[in-house]
Every structure is written in structure tokens, then in C-alpha cells.
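Student: Can you keep this structure in mind? I'll have questions shortly.
The values are calculated or read from the model by the stated rules, or taken from the named source; none is laboratory data. Bear in mind the structure is a predicted one, so any value in this text is a computation, not a measurement. Glycine also receives a Cβ, built like all others from the backbone with ideal geometry; neighbour counts cover every protein chain displayed. Protein only, heavy atoms only, side chains kept; ligands, DNA and RNA dropped before computing areas. Shrake-Rupley method; radii C 1.70, N 1.55, O 1.52, S 1.80 Å.
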Amino acid sequence: MTDNLLLSVRSLSRRFGRKGPVAVDDLSFDIDTGEILALIGPSGCGKTTTLRMIAGFETPDTGRVLLSGRDLTSTPAEQRGIGMVFQDYALFPHMTVGENIRFGARRNGRDVVARYLGMVGLDGFEQRYPDQLSGGQQQRVALARSFAAEPRLILLDEPFSNLDAALRSAARREIRRLLKSAGIAIVFVTHDQEEALSFADRIAIMRDGRILQSGMAQEVYDRPADAFVATFLGRTNLLEGTAEGGFARTSLGLLPLTRPTSGRVSISLRPERLGIRAVEADEQPNGRIVAVEFKGHDMTYWVDCDGVEVQVDAMQSVRLAEGTPVRVAVDGEAVPLDVVSL
Amino acid sequence: MTVLATFTRAGRTPRPPLLLVVPALVVGIGTFLPAFYLLVRALDADASQLGEIVFRQRNLFLLLNTLKLVAVVLTLGTLIALPAAWLVTRTDIRFKGLLSFLMALPLAVPGYVMAYALLGLSGYYGFARQWAGISLPPLHGLWGAGLALSLYTFPYLFLNLRAAFLGMDPAFEESAQSLGKSRLVIFCYIVLPQLWPAMVASWLIVGLYVIGDFGAIALMRYEVFSYAIFTQYSGAFDRTYAAWLSLMLLALTVAALSAQRAVTRNRRFARTGSGSARIARPVRLGRWHFAAWAFIALVVLCSFGLPLMVLGHWMQFGLPKMDWAQLGRAAIGTFMAAGPAAILTMVLAVPVVLLTLRHPGLFATLIERLAFLGYATPALAFALAMVFFALRTAPFLYQSYALLMFAYVMSFVALAFGPIRLALLQIGTRQEEAARALGVSPAAAFMHVVLPRLRRPMVAGCLLVFIMVVKELPITYLLAPMGYSTLAMNVFSRTNEGMMGDAAPFALGIILFSSLFVGLILKYEGGAVRTAGEARNS
């Protein structure tokens, strides 16, 4: 626990119907002031239910929600001081942008609306109605409306899923900067790994109502705990091998491991951690290219290495054709995985 | 995502606030009273008599006749209302506002006037033979009653279907179109399933109306439960048998209500997409314009032109000895009965609908079913039940204005549910949640976010109840304070004495009075879920 601890979720569980499946199963996590946490997982993993329990729209069966040490579990949603921005933004269609923002505003000054609109870069939109705004503008109004209530924590439900791809990355960067400068903590829910990795400080991967792994985005990406996390966060090569101390023998040869282990292991090796080059004159190839995927600034090669198909990401410096005999080399360490049932 | 659906259906909901529970209890108790009275009355019979009454073969005959009549009316009504609703919402036909008004206008025609008009059309002395030389077979029995009832109940279907068409997100149809489906396939697989709740709800309303109506049925001499009850009460004075017949009618109502529950269970129609709903691109009628107009002209002629012609015919005898002062008194009396009743009904209906949607459960379901039961209870039995209870428990209430209001509200409260329920379903719960996440209490969130958008359906519901009270007869007749007079009472007493000419001005008064309000209904209904932006642009 740190001094900036803002939100603590303790052993939250929720089951729908008496005999229904468990939506959220003994979930616990913490968030610091100003931190951005992503709950990421496939649809139906319980991430939105978790969000709604934090917001106060769902009552947990067991567990507690604490904000700055205060137990909010039985506090009604409107008294929690936690903002929420919905997937479809839920702007009030019969009110103007200005009225929407003023609706929940903590302060009543004349310039409140202008200030928050300015914050999200929508100066002069006060008199518009929600149906006269684009998706991105609606989202920013929804954020401005939440900001105006001055919460310390805002929950975002799939915040970028309703924006088109071109807008998404720009919106992400802009809103992240906005949130960081306002010092507001965020819990957001997404099923998009790229969104989670680029937007969050910390990510928590959920599956079947539980958190499988949480940590800094880079850390979780680099050292996934199991095959589910490894494959859910981007592409990876899952190899079988036999480990002995810090190394494992696989179809790609002897690989260094991130941590020592022994016996049969599954290991994860990200495609960008592999190097590829055409064999030289008298060199023995260890693989043959079976497919090439050209993606613009980089390429993915599918290489048959001793009967195992491996993906290799390479920059444009090498351009190899299908059928080329190649040597694949590991650049870095492979991650041994916990055994889980997929 | 289907988050909304999942969350409103599953799990425990918090305890409903008293603000919703108290009105619901009032409605529940008020609408249960008549059934209770009927039971007390029915059990008055001694044991030997009882078996004979219950297993009388005539009961089966009445049941079959009632079911046949309901089937005929619903079929005819849907055949009129569905194409009409589609025409005024989805095609490029012109004068949509006027057409909607004309289609809703028959609401203003009392059932007995409609039946009389049809009778006057056919037969040897009928209009058809006198004016056009065509001798139509006399309209009697099932087909006569069925036609009369469908011609003045189809507007309920029309209004509900029209509102459903307007509230439907055209994106569903457009995406089906983009999947290469034909208009017909889209209509059957996309549009109809979405219309289904509105359809079933209005079938229920009309069906219940049919089994409770006796004016048109009596004139058409078609023997169904309500007619038999009426003759037992007024003619044979066998009130025990009448009570038993009423109980059987109630059983039929309960069966209909359970059937409705079974077919519309677990359906959610809140929009899940982003942005606002758009107005659908109209279908070009092209050469079908002519057919469309012919269809509408025929419907308007039969449903409104005909009664007007018959009334006009009578007016030439009634006008010379017209008592204007009496007409004025009756008009004011009608307004004083219908206005407050409509507003009180809405005040009770909104909390009950909110309870059923936001706090679903045994209690909410029970109250809703009871309200429909109150609506389905034949007005005559309802009125007598109120008389009985006033005399037993609070004699000072007998023939008081307060009891009259109470009876109106309890028998019509279910009528106001439809528009409010539809609007609330379409508004969804997310915006209220958004408001609460901004730190606003549930009550304030409802007041600011939902209520402004409920104004239109509320006004529409009010007007619907208003018109029903204007045309209502048995309750007014039995419960009105001494000397109180309404248009309907005047029509009834004069028609009853065979003074058709004298009755005509009052009947015309009812039609004018109600058609004015039908126009107002259209102004307010259907716009329930439109956003402010669209309302401004239109």
C-alpha cells in the first residue's frame, strides 16, 4: 500500500441468478491517484460487471469497494463521487451540450461550461445538441460532463470502441494527456489489447471473472504468466521444449529463459524477438519460409522450423521470398509459461 | 454489447422506493375491489344452485361466441391498422399528419353510434338501398358486431403500431437491406418482430375492450358474456348468475393476460448503438399511391363518414327542438368528469409502469396484472361493485364525485400504461445511470433526464383516458352525483327511449368533443423518443 492509494477493490464477486454462472469471482485490485488501469479480457469475462459494481449500479454478492479507505459498498452510485462514461456516451439527447455539462457540474459559475468545453477542445459547442455532434465530439462532451462533476476516479466502458480507427489513436493520445494533466484516476474496460497497452499505466487481464495477471503494460507484455495472457496481448509463438536451468531445448535450438526451470515447458517467444536471414553459401538452414505477410513498415514471415511453424517479425531491411531457406535466431529471452487449460 | 439487457434482467434489484410502492398499492387494491365484489356476490348462491349455474351449457355457448368475436375484431382491426400505420410512417405518401388524424378519428365514435350506423346501412330501409339502390343483407350477429367493433377499435392498434414504427431504429432495416434482403423479408424478419410488443399490447387492449363492450353488441343482438351479464342485471335481475358470468369473463381476461406475458417475455428493445436514431428513408409508393389512397378513403368512409351521415340524418329531426342550455351543461359535466380523471390516471400510471420496469418482481407483476384486470372488468360490473362497496363501507361516498373519479381511474389506468411503457423502454436506463454517476439522486435523475422525454407519451395517455371517459356510460350512469349530467348519459337515456332525433345533437357533441382531443393525441404521441434536435428541425 502506498500513500496515494485511491481505490481498493476487495474480493468482489457477483453471480447472475441463483444458479447462474459467476460473472466476477473474488476480484481484488488497487489503483493509485492519477493512475490509469485497464481491465482487459474477452467479452463476457466480467469486466463491465466489475466496472458497474465500482460505479454502484450493481450490488456485489460479496466483497468491498473502498475509495480513499472509505467503504462505498453500500453507498448509492450518486454519492460515491465516481464518474462513469458509457460506451455509447449516454448524453441526454433533449439537452444542449452546455446543459449536459451543467447538469452534473459541482460548481455553478458562469464559465463552468466554457472551461470544461475548452478542456476537451470543443469551445463554442455549448448550444449544439448531441445529435449534431460526431462520435468523437460526443465522447469528448461525455468526458467534459464527467470532469465537471469533479470526481477523483472516472470509469470508462469501452471508451474508444465507437470511434473509427483513424480517430481512435489520436483520441487516445489526446484524452490520455487530458486525464494525466487533470490527475484523475481511470479504470477502463476494453477488449482491444492495443488500446489497453497504449492507454493504460497498468493492465489487468481478466478471464472468467478473475484477474489472471496484472502489472505495468510492458512487464505483462514481456513476461506473460500463461499462454492465455501471452496470446491475448498480441501475437506470440508458443513452443514446447525441455528446460534445464536457464535454458530450454526447442525446435529452434537452445533458448535462454527469463527464469530458470526444469522439465517439459511451454514457452512464449514474441515474433519481434526473432531474427531472420537468408542462409549463406555453405550454411545449414534451420527453417524455410512458408508464407510472407507484407504489412507496410514491417513484415511477418511464417517459417517452418523442423515441423513447427513460427512467426517472425522483421523490418524492411530484409525482404525474403516464400520458399527461401533461412536461419532463424533468437534475440533475447523466451518466457516459460504456467500450465493452464485453454 | 448486451450489457443493459443482462443487467436489467438478472440479479437482485434494490428495494423500490415508497414513491412507487404507494401508488402501486392504491392501483392494486382499487382494481381488485370489483373482482372481490363479484366473488362475494357469486358465493351468495346456495350449494345446490351453484353447480347448476356453473355447468350451464349456455356458458360454453357464450364463451365460444365471445372468442369468435374477439378473433374477428382483431383480424379486421389489424388488417386496417397495420397497413395504415406503415403508410403514414414508412412511405412517401403525402399529408401524413392529416392521415394519422383521420385514422385515429373513429376513437371519437361511441360504439352504439357505430352499430346503429351499420344497421342503418343495410337491410330494406337502409341507407344503401334508399340512396344507392343496393340491397345489402342485414348486418347482424357475429359479422355485424365484429365489423362495428373493429371500425371503432382499430385506432388503438393504429396508434400503438404507428408509435412503434416511429420509435424503431431504421438502422436495423438498413443493415438488413445491406445484407441483400428484400423489403418483404425485412418486413417479416426485422420489422414485425420489433412491432410484436406493440401489436400484442394493443391486441390485448382491443380484445379486453371487445369482451367488455355491450352497447354495440346489444344492438347487433350477438350473445356474448357482456350482453348476457347486462340482460341478467337489468332484465332478469338474477344478479348471482350475472356475477358468475362476470367471473367467467374475468377468467378469460386472466388467460389473455398470461398469454400476452408468454409471447412477449424477455424482449428488450432499447437501442444499443451510438448516436441518435434517424428517420427512415421513405418507401416510394409510385403507382401504388392510388391503391393506398383508395384504401384510406374506404376506411375513413366506413369508420367515420358513415356514423356522421347517420347522425346528420337524425339531426334534421333533432335540431328544431334543441335544448341548448342542457347541451352546454352536459358538455361542461363531461369535461369535469374526463379532465380530472385523465390527469389522476396519469399520476398513478407513471409510478406503476416505473415499478414494473425498474423493479421487476412478483409485486410489480401482480399490480400490473390487477390493473389490466380492472380495465377488463365489464364497466357495468365495475360500477356496481363500487356502489356496493360505498354502501357497505362509506355511505357518504355513494354518488359522490370522489368515488366517480376513483372508478374512472381504476378502470382506465391500464390504458395509460402502453405509451409510457414503450417510451421508458426506448429511453433505457443508461442515461439515468449517467446522471447518477454525476452525483444526482435517483429521483432527481428521473425528473431531469427521463421525465422531460416522457411528457409527450404522458399527454397522449391522458388524452386517451379523456376520450374513454367521454364515451364511457355504465360507470357514469351508476356513480354520477344526483343531477350530474354528461353527453353520454343524455345520448343513452334518449336513445333508450327511442328518441333518436333528440339524441343526435348530444352524440354529435361527443364526436366533436373527442375528435378535438384525438387531434391533440397525435400531436403528442409518437414523439416520445425523438431527440430535441429532431423535434426542433421538424
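Student: In debye to the nearest 20, how big a dipole does the protein assembly as shown give about its Cα centre with +1 on each Lys and Arg Cβ and -1 on each Asp and Glu Cβ? All intermediate terms of the calculation are to be shown ahead of the outcome.
Tutor: Details: 81 positive and 64 negative charges, 492 e Å.
Result for the protein assembly as shown is approximately 2360 debye, rounded to the nearest 20.
Student: Taking H placed 1.01 Å from N in the peptide plane, check which residues at least 5 places from A:Ala23 or on another chain put their amide H under 5 Å from its amide H.
Tutor: A:Arg14, A:Arg15, A:Phe16
Student: If I model a spin label at A:Trp302 and B:Tyr477 as a point 7 Å from the Cα along the Cα→Cβ vector, what separation in nanometres do I get?
Tutor: About 8.3 nm separates the two model spin labels.
Student: A further question follows. Shape call for region B:9-74 from the C-alpha gyration tensor, a ≥ b ≥ c root eigenvalues: rounded (a/c under 1.5), prolate (a/b greater than b/c) or oblate? Intermediate results must be reported in sequence, preceding the final value.
Tutor: Numbers: a/c = 3.11, a/b = 1.70, b/c = 1.83.
Note, shape of region B:9-74 comes out oblate.
Student: Then there's this: Do any of B:Lys68/B:Lys471; A:Lys47/A:Lys295; A:Lys180/A:Lys295; A:Lys19/A:Lys47 go past 29 Å between their Cα atoms, and which? List each step's numbers first, then the result.
Tutor: Numbers: B:Lys68/B:Lys471 25 Å; A:Lys47/A:Lys295 32 Å; A:Lys180/A:Lys295 33 Å; A:Lys19/A:Lys47 20 Å.
Table pairs above 29 Å Cα-Cα are A:Lys47/A:Lys295; A:Lys180/A:Lys295.
Student: Among DSSP beta bridges whose residues both lie in chain A, state the antiparallel percentage, nearest 5.
Tutor: If I count the DSSP bridges inside chain A, around 75 percent turn out antiparallel.
Student: In addition: Give the relative contact order (percent, whole number) for region A:32-80; include only Cα pairs under 8 Å separated by 6+ residues. Intermediate results must be reported in sequence, preceding the final value.
Tutor: On the way: 29 pairs, mean separation 11.9, N = 49.
Answer for region A:32-80 is 24 percent.
Student: Turning to a different aspect of this structure: Using only the heavy atoms of the protein chains and a 1.4 Å probe, how would B:Leu348, B:Leu520, A:Leu6 rank by accessible area, largest first?
Tutor: Details: B:Leu348 30, B:Leu520 70, A:Leu6 5 Å².
Heavy-atom accessible area, descending, gives B:Leu520, B:Leu348, A:Leu6.
Student: Taking the solvent-accessible surface of protein heavy atoms with a 1.4 Å probe, what is the per residue accessible area of the protein assembly as shown in Å²? Working shown, then result.
Tutor: Values: 38440 Å² over 880 residues.
Counting only protein heavy atoms, the per-residue value for the protein assembly as shown is 44 Å².
Student: If you take each beta carbon of peptide A:91-99 and count the beta carbons of other chains within 10 angstrom, what is the mean?
Tutor: Numbers: counts 5, 11, 14, 12, 5, 2, 0, 0, 2.
Counting other chains' Cβ atoms within 10 Å and averaging over A:91-99 gives 6.
Student: Something else about it: Students sometimes get this wrong: rank B:Met336, B:Met322, A:Met84 by accessible area, probe 1.4 Å, all chains present, largest first.
Tutor: Numbers: B:Met336 90, B:Met322 30, A:Met84 10 Å².
The most accessible residue leads, giving B:Met336, B:Met322, A:Met84.
Student: Ordering A:His191, B:His313 from largest to smallest accessible area (1.4 angstrom probe), what's the sequence?
Tutor: Details: A:His191 100, B:His313 70 Å².
Largest to smallest exposure gives the sequence A:His191, B:His313.
Student: Now a separate question. Return the average number of partner chain Cβ atoms within 10 angstrom of each residue Cβ along peptide A:118-130. Working shown, then result.
Tutor: Details: counts 0, 0, 0, 0, 0, 0, 0, 0, 0, 0, 1, 8, 5.
Counting Cβ atoms of other protein chains within 10 Å of each residue's Cβ and averaging gives 1.
Student: Put a dot 7 Å past each Cα toward the Cβ at A:Lys19 and A:Thr75; how far apart are the dots in nm?
Tutor: 3.9 nm
Student: Same structure again: So for each of A:135-148, A:245-258 I average, over its residues, the number of other beta carbons within 10 Å; can you give me the resulting order with the highest mean first?
Tutor: Numbers: A:135-148: 23.6, A:245-258: 16.9.
Top of the packing list down: A:135-148, A:245-258.
Student: How much length, in nm to one decimal, is gained on full extension between B:Asp92 and B:Val347, taken as 0.36 nm per residue of separation minus their Cα-Cα distance? Don't skip to the answer; put the middle values down first.
Tutor: Numbers: separation 255, 0.36 × 255 = 91.80 nm, distance 3.79 nm.
Value of the extension gain: 88.0 nm.
Student: Residue by residue through A:58-67, how many Cβ atoms from other chains fall within 10 Å of the Cβ on average?
Tutor: On the way: counts 4, 4, 0, 2, 0, 0, 0, 0, 0, 0.
Across the residues of A:58-67, the mean count of other-chain Cβ atoms within 10 Å is 1.
Student: From Cα pairs below 8 angstrom and at least 6 apart in sequence, can you work out the relative contact order of region A:1-47, rounded to a whole percent? Spell out each step's value before the answer.
Tutor: On the way: 61 pairs, mean separation 17.1, N = 47.
In percent, rounded to a whole number, it is 36.
Student: While we're here: Looking at the square roots a ≥ b ≥ c of the eigenvalues of the Cα gyration tensor of region B:304-347, which shape do they give, rounded for a/c under 1.5, prolate if a/b is larger than b/c, or oblate?
Tutor: Details: a/c = 7.67, a/b = 1.72, b/c = 4.46.
Oblate, since a/c reaches 1.5 and b/c is not below a/b.
Student: Given a 1.4 Å probe, show me the residues in region A:131-172 buried by at least 50 Å² of accessible surface when comparing the whole protein assembly to the chain alone.
Tutor: Listed by number, the residues meeting the 50 Å² cut-off are A:Asp131.
Student: Separate question: Ignoring everything except DSSP H segments at least 4 long, calculate the 222 nm mean residue ellipticity for the protein assembly as shown; use -39,500 (n - 2.57) per segment, divide by total residues, nearest 500.
Tutor: Working: 34 runs with 467 residues, N = 880.
When only DSSP H runs of four or more count, the value is -17000 deg cm²/dmol.
Student: Per-residue accessible area for B:His140 at 1.4 Å probe radius, Å² rounded to 10?
Tutor: Approximately 90 Å² for this residue.
Student: Tally Lys and Arg at +1 and Asp and Glu at -1 over the other residues with C-beta under 10 Å from the C-beta of A:His191: what net charge comes out? Numbers along the way, then the final one.
Tutor: Values: positive: A:Lys47; negative: A:Glu158, A:Asp192, A:Glu195.
Here the count lands on -2.
Student: Something else about it: Tally the DSSP beta bridges in the protein assembly as shown and give the antiparallel ones as a percent, rounded to 5. Write down the numbers at each step before the final one.
Tutor: Values: 59 of 80 bridges.
Just about 75 percent of them are antiparallel.
Student: Comparing the chain by itself with all protein chains present, which residues of region A:37-55 are at least 20 Å² less accessible (probe 1.4 Å)?
Tutor: A:Thr48, A:Arg52
Student: Continuing with this model, one more query. Can you give the accessible area of B:Thr240, probe radius 1.4 Å, in Å² rounded to 10?
Tutor: Accessible area of B:Thr240: about 20 Å².
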